[in-house]
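Q: Sharing a structure, written as structure tokens. Questions coming.
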Amino acid sequence: MPATNDEVARLLSELATLTEIEEGDPNSFRVRAYQNAARAVETLSQDVGGMSASQLAAQRGIGKSTATKIRQFVDERKIDKLEELRAKYPPGQRELLRIPGIGPKTLTLLKEVLRVEDLAGLREAIQSGRLAELPGLGEKTAENLKDAIERMHLQSKTHRRPIREVLPVAEQLVADLESLDAVERATYAGSLRRFRDTIGDVDILVSTTDPAPAMDLLTGHDLAHDVIGRGPTKCSIVTHDGLQVDLRAIAPESFGAALVYFTGSKAHNIVLRQRAIERGWKLSEYDLADAETGGRVAGATEDDVYDALGMDWVTPELREDSGEIALADRGVDDHRLPELVEVGQLRGDLHDHSTWSGDGRSTMEDMVAAAAGSGYAYFAMTDHAEDLRINGINRAGMLEQRKQLRALQEKYPDMRLLHGSELNIGIDGSVDYDADFLAGFDWCVASVHSHFRRPPDQQTTRLVTAMRNPSVHAIGHLSGRKIGTRPGIEFDLDVVLDMAIETGTAIEINSDLNRLDATVEVIREGARRGVTFVISTDAHMVKELDNVRNGVRQARRGGLPPEQVANTWDLDRFLAWIQQQRSA
DNA sequence: GCCGTTTTCGGCCCGACTGTTTTCAGTCG
């Protein structure tokens with residue numbers, strides 16, 4: 001089996017972790033070098049398998065030494081240095097490092113003084129009181145470690161959770177904090193603000209000159225199970241289901257700097273700080289300031305901070321140090337961040353269900369009324385087709401629904417109602433109904449709802465066959481993944497994107513927080529190649545029509561401009577495009 | 001281990017909090 005970039009990136013991360021133990025310092029330069037190399041490999045556009053050592057070493061973040069290691073893995077499927085460190089620090093030891101409160105120094109101390117090398121040994125050392133006798137540790141530390149072990153299966157450091165479990169909690173806490181008189185502004189930051197699929201913990205910032213009320217609110221909140229810590233400007237809680245929430249109180253004049261700092265990513269921030277240093281400044285969560293005098297340069301808003309650093313403001317979704325820095329750098333010729341799609345640019349929703357489908361929760365009339373209320377110029381009713389046995393609508397049902405939708409159209413002169421369906425892509429790529437019946441729909445989305453575990457070449461064929469069908473306008477939730485619970489189908493992205501362009505079929509960005517599908521990788525590559533996308537809610541009830549903002553953030557994360565999103569187009573252009581797909 | 005208009009050595013991001021310390025080390029983000 002050839003070595004994949006992901007595989008190599010994982011091994012380099014492991015090397016970083018093991019080196020951290022070896023050197024006893026999480027900030028060791030060697031540790032950081034391995035982490036940088038892992039990230040460099042992750043974001044590489046070519047396969048490491050086909051690259052020579054010198055080609056690898058030419059990549060930023062990969063030097064001669066790491067290039068040799070990567071080549072060794074490609075050729076021999078092993079890395080000597082890694083094998084050596086794995087033998088020296090068995091998995092039990094590394095597991096201890098994952099316990100919050102244990103870093104490399106404590107780990108070494110445990111091993112050398114108490115011969116503790118795994119979780120069981122640590123439990124025993126706490127129980128017997130031997131741990132509390134170690135130099136630098138004490139009763140309180142022993143107690144904290146005991147608690148940490150108990151909630152470890154829930155803890156953020158060991159467990160990232162799907163965004164759908166986190167976003168609603170964060171939004172509620174932010175709203176509650178913002179209602180306080182003492183709080184000027186509250187917002188969540190971190191990977192949630194960057195809109196990653198999975199989230200470790202929640203970072204909330206409040207702008208205030210009086211931190212106490214905000215901290216009282218969080219530590220006493222109904223959602224709080226346990227207060228982990230509280231200082232003058234920072235406190236942390238764990239919710240009942242184990243999510244850690246950190247709150248930081250920020251002075252208003254520092255809010256922008258803090259927002260930059262806590263939004264990250266870590267890699268993005270490091271580059272910003274390097275830019276600050278080059279200018280004789282230093283960037284912290286308080287401000288951008290002169291390194292010598294401490295005189296403030298910027299800090300109140302994110303815009304000020306980026307501007308002072310000679311950069312355009314970077315949308316949080318792009319802050320991963322994966323090319324956005326150069327695009328924002330006003331010192332670089334042709335620098336230009338992509339224009340990214342915004343919620344206000346969408347003119348229609350193209351994947352929606354009603355009680356006509358067994359799993360719909362709002363009536364067609366209510367869905368249409370709500371869409372009209374959003375000011376949409378077009379709206380597609382796409383209930384499930386008949387092959388979805390539990391849910392789908394048969395031919396007679398579809399014809400009746402169409403009749404009722406046409407009647408409804410008269411009530412909404414300013415919004416074009418499209419009668420469509422969410423078709424099911426069968427195991428051979430075929431879809432529901434026959435060609436003549438399909439031709440009666442205005443707009444069809446085709447999605448995979450079954451047979452998730454088939455070989456990639458078979459899945460590729462399924463998708464390609466569906467895209468070739470002239471009645472299929474878009475492919476819904478391309479991978480079929482459910483974040484955190486179902487991995488989704490594997491397929492050949494090259495082939496699928498080529499076919500999307502050839503047939504003019506759109507790729508859907510599904511706004512359901514469970515899905516966020518197409519994935520960022522697909523969007524990024526599709527954006528580069530000029531593929532047409534649609535951003536749809538897949539709403540099953542009125543309330544879910546608002547989910548479109550999630551789909552938009554997913555699209556932005558993939559760097560997608562509005563021009564490549566078909567439902568930003570005006571009605572005439574959109575209808576002409578549908579027509580063209582049909583005849584292609 | 002990586003990198004380079006202060007280059008091949010000598011730098012490499014920064015501060016809060018905790019618990020243990022009588023001035024700071026370790027961990028975290």
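Q: Which helices (runs of 4 or more DSSP H) does segment A:199-282 wholly contain that include 1 or more residues that are touching a residue at least 40 places away in the same chain (Cβ under 8 Å) and of a type in the set (Gly, Ala, Ser)?
A: A:255-263, A:266-278
Q: Which pairs do you get when a residue that is free of Cβ contacts under 8 Å to residues at least 40 places away in the same chain, found in segment A:42-69, comes within reach of a residue that is surrounded by fewer than 17 Cβ atoms within 10 Å (Cβ to Cβ) and assigned to a helix (DSSP H, G or I), reach meaning Cβ atoms under 6 angstrom, with the pair 6+ apart or on two chains?
A: Once the first residue is free of Cβ contacts under 8 Å to residues at least 40 places away in the same chain and sits in segment A:42-69, its partners that are surrounded by fewer than 17 Cβ atoms within 10 Å (Cβ to Cβ) and assigned to a helix (DSSP H, G or I) give A:Ala53/A:Thr68; A:Ala57/A:Lys64.
Q: Looking only at segment A:124-151, how many residues end up being loosely packed, with under 13 Cβ neighbours inside 10 Å, more than 9 Å from DNA strand B (Cβ to nearest atom) and within 40 Å of the chain's Cα centre (by Cα)?
A: 1
Q: I've got another one for you. Which of the residues belonging to segment A:323-363 are of a type in the set (A, V, I, L, M) and modelled with pLDDT of 95 or more?
A: Across segment A:323-363, the qualifying residues are A:Leu340, A:Val341, A:Val343, A:Leu346, A:Leu350.
Q: Search segment A:480-503 for residues that are under 17 Å from A:Gln458 (Cα atoms) and pair each with any residue that is in a helix (DSSP H, G or I) and of a type in the set (Val, Ile, Thr) when their beta-carbon atoms are under 6 Å apart and the residues are at least 6 apart or on different chains.
A: Listed pairs, sorted by first residue: A:Phe491/A:Thr460; A:Asp492/A:Thr460; A:Val495/A:Thr460; A:Met499/A:Val464.
Q: Let me ask something else about it. Residue under question is A:Arg115, and the condition is that it be more than 8 Å from DNA strand B (Cβ to nearest atom), of a type in the set (Lys, Arg), farther than 22 Å from A:Val227 by Cα and surrounded by 15 or more Cβ atoms within 10 Å (Cβ to Cβ); does it hold? Full working, then the answer.
A: Values: more than 8 Å from DNA strand B (Cβ to nearest atom): yes; of a type in the set (Lys, Arg): yes; farther than 22 Å from A:Val227 by Cα: yes; surrounded by 15 or more Cβ atoms within 10 Å (Cβ to Cβ): no.
So A:Arg115 fails the test.
Q: What number of residues within segment A:45-62 satisfy the criterion of being at pLDDT 85 or above, near DNA strand B (Cβ under 7 Å from one of its atoms) and either in a helix (DSSP H, G or I) or surrounded by fewer than 14 Cβ atoms within 10 Å (Cβ to Cβ) (or both)?
A: Of the residues in that region, 1 qualify.
Q: Select from segment A:483-503 the residues that are farther than 22 Å from A:Asp428 by Cβ and crowded, with 18+ Cβ neighbours inside 10 Å and list them in ascending order.
A: Answer for segment A:483-503, where residues must be farther than 22 Å from A:Asp428 by Cβ and crowded, with 18+ Cβ neighbours inside 10 Å: just A:Ile483.
Q: May I ask you to verify whether A:Ala67 is part of a helix (DSSP H, G or I), within 11 Å of DNA strand B (Cβ to nearest atom) and of a type in the set (A, V, I, L, M, F, W, C)?
A: Here the answer is yes, as A:Ala67 does meet what is asked.
Q: Additional query: In segment A:538-549, what count of residues is obtained for those that are within 20 Å of the chain's Cα centre (by Cα) and either buried (at least 23 other Cβ atoms within 10 Å of the Cβ) or not assigned by TED's automatic domain parsing to the domain that holds A:Asp517 (or both)?
A: So the answer is 1.
Q: Please determine, by comparing only the residues of segment A:18-35 that are among the polar types (S, T, N, Q) and modelled with pLDDT of 85 or more, which one is surrounded by the most Cβ atoms within 10 Å (Cβ to Cβ).
A: A:Thr19
Q: Would you mind stating whether A:Ile199 is of a type in the set (Val, Ile, Thr), within 15 Å of DNA strand B (Cβ to nearest atom) and farther than 22 Å from A:Phe255 by Cα?
A: Spelling it out, A:Ile199 is indeed of a type in the set (Val, Ile, Thr), within 15 Å of DNA strand B (Cβ to nearest atom) and farther than 22 Å from A:Phe255 by Cα.
Q: Turning to a different aspect of this structure: Output the number of residues of segment A:176-195 satisfying the condition of being touching a Ser or Thr at 6+ places or on another chain (Cβ under 9 Å), assigned to a loop (DSSP other than H, G, I, E, B) and closer than 18 Å to A:Pro162 by Cα.
A: Of the residues in that region, 2 qualify.
Q: What are the residues in segment A:88-116 that are closer than 25 Å to A:Glu7 by Cβ and at pLDDT below 85, if any?
A: A:Pro90, A:Pro91, A:Gly92, A:Gln93, A:Arg94, A:Glu95, A:Leu97, A:Arg98
Q: Tell me, which strands (runs of 3 or more DSSP E) wholly within segment A:288-392 include 1 or more residues that are surrounded by fewer than 19 Cβ atoms within 10 Å (Cβ to Cβ)?
A: Because the criterion is at least 1 residues that are surrounded by fewer than 19 Cβ atoms within 10 Å (Cβ to Cβ), the strands (runs of 3 or more DSSP E) in segment A:288-392 that meet it are A:288-290, A:296-298.
The values are calculated or read from the model by the stated rules, or taken from the named source; none is laboratory data. This is a predicted model, so every value here is computed, not measured. Here the Cβ is made from the backbone with ideal geometry for all residues, glycine too, and neighbour counts use every protein chain on show.
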